[in-house]
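For reference, the structure is listed below as C-alpha cells.
The values are calculated or read from the model by the stated rules, or taken from the named source; none is laboratory data. Because the structure is predicted, anything quoted here is derived from the model rather than measured. Please note: Cβ atoms are built from the backbone with ideal geometry, for glycine as well, and neighbour counts cover all protein chains shown. Only protein heavy atoms, including side chains, enter the accessible area calculation; ligands, DNA and RNA are left aside. Shrake-Rupley method; radii C 1.70, N 1.55, O 1.52, S 1.80 Å.
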Amino acid sequence: MPGTSPVARLRARMEGHTLRGLLVTRLADVRYLSGFSGSSAACLILPGRSLIFTDARYRLQSNAEVKGFGVRVAGGREFFPRIADECRRAGIHKLGFEPDVLTWAMHRGLGNALRGIASLIPAPPLVEKLRVVKRPEEIIVLSRLARVTDTVLWRWRGGVKEGVSEAELEGRLLAVAREEGFSEPAFRPIVAAGRHSAMPHHHAGRGKLAEGAPLLLDFGLCGGGYNSDLTRTFCWGKVTKRYRDLYTSVFEAQQAALDIIRAGIPASAVDAAARDALRAHGFERYFSHSLGHGIGLEVHEAPRLNRESGDILEAGMIITVEPGVYLEGWGGVRIEDMVLVEERGCRVLTASPKGLEDNRL
Ligand code: ZN
Ligand code: ZN
C-alpha cells in the first residue's frame, strides 16, 4: 500500500487480528509510527485516535516532530492511570502490548491501572512486520547511509599503519565518522586484529597488526534514526595460504547467497546457500552465527537469515549478508554488506571493494 501512512497500515493489520487497542513501547516502533526521536515515549492506538505519551523533557520536541498523533505529556506515575483513562473512554476491553519489550514492572503497573477496564494481551509483532519492507523514502536514506559508510571505511584504512593497536584504530574510525557528520555509531565497532578476529564480537583492545594475519572491522553509522552495518577483513603484509583459503571461501559463500536473493525466496534458503559454499571448502562448521538480519531503525530487526527462519524475502526489504569463518587461535574472516531485495534479484548498497587483493594493507 504505497502512500498509506504507517498508522493506517497498522490499523488495517490490527483489524485483521480483531485488536481495537494497542500500546506500542518499542522506541523504534514509536519512531516509525509517529516520527518522534526521543528516548521516552509510547504510542496508544485506539479506534479513530492515535496518542503519543512522553514526559515533560520532550514537550517541545514532540510537538515539533510528531504528526497525526495527539501528544500527551504524562511521565512517571501519571503514565499508567492516563493510559487506563484513555482505554476506558474508548471502550477498550482488550489492550494489546508488545510482549518482547514491555517490562514485567510495566506490565504489572499497567495491569493494576487497567483493572476493571481492560485486560492486557500480548500482540503479534504488528509494527515490526510493517517495518520489514522499507518505504521508498527509507530506501533512499539507507542507501545514502551505506555510501557514507563506504567513505568512512575508505578514509579510515588510509591511516592503518604497522604497530597501531585495535583501540587506536577504533578511535580513528570514530573520528572519521564524526568528520563525516556522524557522531553516533550504530553500535560499538568491532576491531579485531590477528587471533582476536576469531571472536565475532571482539571489542578493540591492545591487539596489533601482524604480518599475514587478519584485521577485521565491523561497524555502522546511525543517522536520522537509521543504521548501517558493514564488515571487511584486511590482511597486513604477505597473504598466507590459510588466509587465502579462508578469504576465498567466505567470499564465495557471500556470492552464493547474493546470487539467489530475490523476492519470494525463503530466508533459510539464502542461509543454506552460504553454508553449502563453505561446506565445499570444509569450513561450514566454523561459521558460528546466522547469515544476516534486517536493518533499519534497529541494527538487528526482521527478517532473520538463519537456518530456522520462517521469513520469506520480499521486495523492499534491506538485509545484511555476512558469512564468516572463525578459527580459534588463528583468526577469522567475515564479509558483510547491506542488500536491498528486489523483485528479480538484489542490489548491494554498500560498495566497498571486497576482493582479497583489494583489502591488502
Ligand atoms: Zn556488522
Ligand atoms: Zn550485521
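Filtered by the rule that a residue be open to solvent by 20 Å² or more (accessible area, probe 1.4 Å) and assigned to a strand (DSSP E or B), the stretch 312-322 gives a lone residue, Ile312. For the condition closer than 26 Å to Arg147 by Cα, out of contact with any His (no Cβ under 8 Å at 6 or more places or on another chain), open to solvent by 60 Å² or more (accessible area, probe 1.4 Å) and free of Cβ contacts under 8 Å to residues at least 60 places away in the same chain, Asp358 qualifies.
Pick from the stretch 281-296 the residues that are outside any loop (DSSP other than H, G, I, E, B) and either crowded, with 23+ Cβ neighbours inside 10 Å or in contact (Cβ under 8 Å) with a residue 12 or more places away in the chain (or both): which of them is farthest from ligand 1 (Cβ to nearest atom)? Among those that are outside any loop (DSSP other than H, G, I, E, B) and either crowded, with 23+ Cβ neighbours inside 10 Å or in contact (Cβ under 8 Å) with a residue 12 or more places away in the chain (or both), it is Tyr286. When we screen Val325, Val339, Val299, Val333 for residues that are part of a loop (DSSP other than H, G, I, E, B) and either closer than 24 Å to Arg232 by Cβ or within 13 Å of ligand 1 (Cβ to nearest atom) (or both), the only hit is Val299. Go through Gly116, Gly163, Gly181 for me and flag whichever is on the phi > 0 side of the Ramachandran plot, at pLDDT 95 or above and not assigned by TED's automatic domain parsing to the domain that holds Thr25. Result: Gly181 is the single residue among Gly116, Gly163, Gly181 that is on the phi > 0 side of the Ramachandran plot, at pLDDT 95 or above and not assigned by TED's automatic domain parsing to the domain that holds Thr25.
Report yes if Ala193 is small (Gly, Ala, Ser), more than 18 Å from Gly332 (Cβ to Cβ) and either in the same structural domain as Lys354 (by TED's automatic domain parsing) or open to solvent by less than 10 Å² (accessible area, probe 1.4 Å) (or both), otherwise no. So Ala193 does not fit the description; no. Hey, any hits in the stretch 134-144 for a residue that's at pLDDT 95 or above and more than 30 Å from Lys354 (Cα to Cα)? There is no residue in the stretch 134-144 that is at pLDDT 95 or above and more than 30 Å from Lys354 (Cα to Cα).
Among the residues of this structure, Ser309 does not count as one that is under 30 Å from Ala213 (Cα atoms), open to solvent by 10 Å² or more (accessible area, probe 1.4 Å), at pLDDT 95 or above and within 16 Å of ligand 2 (Cβ to nearest atom).
Every residue in the stretch 1-39 that is under 19 Å from Asn227 (Cα atoms), touching a residue at least 40 places away in the same chain (Cβ under 8 Å) and not in a helix (DSSP H, G or I), please. Write out each step before concluding.
Applying the first criterion (under 19 Å from Asn227 (Cα atoms)) to the stretch 1-39 yields 26-39.
With the extra rule that they be touching a residue at least 40 places away in the same chain (Cβ under 8 Å), the set shrinks to 26, 28-29, 31-33, 37.
Matches in the stretch 1-39: Arg26, Ser37.
Right, Val239: away from ligand 1 (no atom under 16 Å from the Cβ) and either in the same structural domain as Arg344 (by TED's automatic domain parsing) or of a type outside the set (Phe, Trp, Tyr) (or both) or not?
Judged against the criteria, Val239 is a match.
Conditions (1) touching a Gly at 6+ places or on another chain (Cβ under 9 Å); (2) modelled with pLDDT of 95 or more; (3) of a type outside the set (D, E, K, R), marked per residue:
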residue: Ile52; (1), (2), (3): yes, yes, yes
residue: Ala56; (1), (2), (3): yes, no, yes
residue: Lys67; (1), (2), (3): yes, no, no
residue: Phe97; (1), (2), (3): no, yes, yes
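Regarding the stretch 243-255, can at least one residue be identified that is more than 15 Å from Ile318 (Cα to Cα) and assigned to a loop (DSSP other than H, G, I, E, B)? No, the stretch 243-255 contains no residue that is more than 15 Å from Ile318 (Cα to Cα) and assigned to a loop (DSSP other than H, G, I, E, B).
Considering Arg59, Arg72, Arg20, Arg49, the condition of being open to solvent by 60 Å² or more (accessible area, probe 1.4 Å), closer than 27 Å to Trp104 by Cβ and not hydrophobic (A, V, I, L, M, F, W, C) is satisfied by Arg20 alone.
Scan the stretch 224-235 for residues that are more than 16 Å from Lys134 (Cα to Cα) and either away from ligand 2 (no atom under 14 Å from the Cβ) or not in a loop (DSSP other than H, G, I, E, B) (or both) and report the count.
Of all residues in the stretch 224-235, those more than 16 Å from Lys134 (Cα to Cα) come to 229-235.
Retained after the next criterion (residues that are either away from ligand 2 (no atom under 14 Å from the Cβ) or not in a loop (DSSP other than H, G, I, E, B) (or both)): 230-235.
So the answer is 6.
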